[in-house]
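Worksheet: one structure, shown below.
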Amino acid sequence: MTRHLNACLETQRRACRLSPYPSLTERRDQLARLALMTKRHRHAIIQAIQTDFGKRSDIEIQLADIQPVLDAVRYARRHLWHWMRPWRVSMPWRLLPARARIAPQPLGVVGVIAPWNYPWSLALMPVIDALAAGNRVMLKPSELTPNTSALLSRLVTQYFSPRTLCVIEGDATTGQAFSALPFDHLVFTGSTSVGQKIALAAASNLTPTTLELGGKSPAFVAGDADFTRAAEAIIFGKGMNAGQTCIAPDYVLVESRHIDALTSALSRAILKQRPSAQDATQPLNHAHHERSEAMLAEARNHGCRIIDHGSHAPALIIDPNQGLSVMREEIFGRSLPVISVKDSDHAIGYVAERPHPLAIYVFTHQREQQRQWLNASQSGALVFNTTLLHHAVPGLPFGGVGASGHGAYHGRHGFNRFSHLRGVFYQPTHSPATQLYPPYRRWLLKLLRLG
Ligand code: NAD
């Protein structure tokens, strides 16, 4: 395997040397191929994902796996000319009339390691930004979605030269060998524990990383919120993909005097959105199902109040003990703890004491409370009065902070992330700045004191 990996990397490195700066037309063509590949084989993609999951809603696949790729390609193709253009920066007066610019330059070969939960979009979204920035890409999809990964590999071979994009299938052992390659940048989307290993492997090559990790994203429902609307937004985010979404609301905080009202609203929202198992996605496999049910059983055995709406829908756990696994681990399943706090300040304190999450969802229309959350909390994203939808805004950087990862991508942020922003200085033939060269004149001191 290592020999194959090295050969792929060498092929792409050679392509970088031969053509270090792919033109706008070439990049737009590569992006169009990604979109064409996704559009033309939409049904095969849906089938492959459904086979991997056993049961997954086809609407959720279109919404969260196919559409994001098509939208991101369209956005990048439209704005790429602008992103690629060098931009001027201001010049200190002492150096005038010199000029300075920032010129984005491709990094070279970018490695991408993808997870299983959205096996099409999370594999291709970093690829879109990396190709837009003029890089070559090696992609390792998850072994837990073998049908989707095999389809991806077959289609990429059909639509791309291995000099531009190649897919390496394999498990964690392949992942280890992959992350040890001396890439120019390595993007990893997955769990925090594996992310730590990736960071260590990349460090030995001084390879910069973008780590898109998980964690526990909280939702806070303030007293002024419309509980019915808040509950519907929370259950939308929690119910999608059977809770297996990195930015799913992991637990809900609410002022203690409102906990019963919010719990009832959440129950109503579950019954409205998930009346039967018909449109529901099931956990990826038996092991994931068992883990999710074990979390719920543990809470039940500890005497927690649980409101269960059937195995296809979110289950509410009221005020669980902090020592339980639902409160220690990222849930990634159907349990939804609802926790009472005294007020908004306590909710901010509760979140601040814990590792920085990927997203915080706050339900309030009060400007002052919104401002407090904005200034006093830290997270990858802060979303008011809904869940998940920030992911669909291509102008927003998407990524974590602290334990939820580092480095954000999507749109221009992804383009910049996978580019080297090179500083370029143009000295004109005649410039007073040459007076700065030695031997130093005494009057220079006076000039420097001018500020
Ligand atoms: P995972 O960490 O188990 O695996 C992700 C990828 O890493 C897979 O391709 C796997 O083969 C590879 N891998 C596993 N061990 C490796 C090793 N030692 N060295 C190198 N590669 C290795 O994650 P998962 O179970 O596929 O995904 C679920 C996790 O991903 C959750 O924690 C979720 O929150 C997170 N996630 C984050 C985002 C985000 O954008 N931040 C998006 C989706 C999922």
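Some points to look at:
- The 3J(HN,Hα) values that the Karplus relation (6.51, -1.76, 1.60; θ = phi - 60°) gives for region 122-133 are, in residue order, 6, 7, 8, 4, x, 5, 4, 5, 5, 5, 4, 7 Hz. Gly and Pro appear as x.
- Amide H contacts for V137 (H built 1.01 Å from N in the peptide plane; partners 5 or more residues away or on another chain; cut-off under 5 Å): V110, L165, C166.
- Each label was represented as a point 7 Å from its Cα along the Cα-to-Cβ direction; for R154 and A100 these points are 5.4 nm apart.
- Base-10 log of normalised Debye intensity for region 217-398 (one unit scatterer per alpha-carbon) at q = 0.09, 0.11, 0.13, 0.15 Å⁻¹: -0.28, -0.43, -0.60, -0.82
- Degrees between helix 24-40 axis and first principal axis of the chain (Cα, 0 to 90, nearest 10): 20
- With respect to the chain, whose longest principal axis is taken over its alpha-carbon atoms, helix 367-376 is tilted by about 60°.
- Working note: Debye formula, equal point scatterers on the alpha-carbon atoms of the chain, no solvent; log10 I(q)/I(0) at q = 0.13 Å⁻¹ is -1.15.
- Folded to 0 to 90 degrees: helix 67-84 orientation relative to the chain principal axis, Cα: 20
- Over the chain: helical MRE at 222 nm, DSSP H runs n ≥ 4 each giving -39500 (n - 2.57), nearest 500: -13500 deg cm²/dmol
Every number here is computed from the coordinates shown, using simple stated rules; none is lab data. Because the structure is predicted, anything quoted here is derived from the model rather than measured. Positions of Cβ are backbone-derived with ideal geometry, glycine not excepted, and every protein chain shown enters the neighbour counts.
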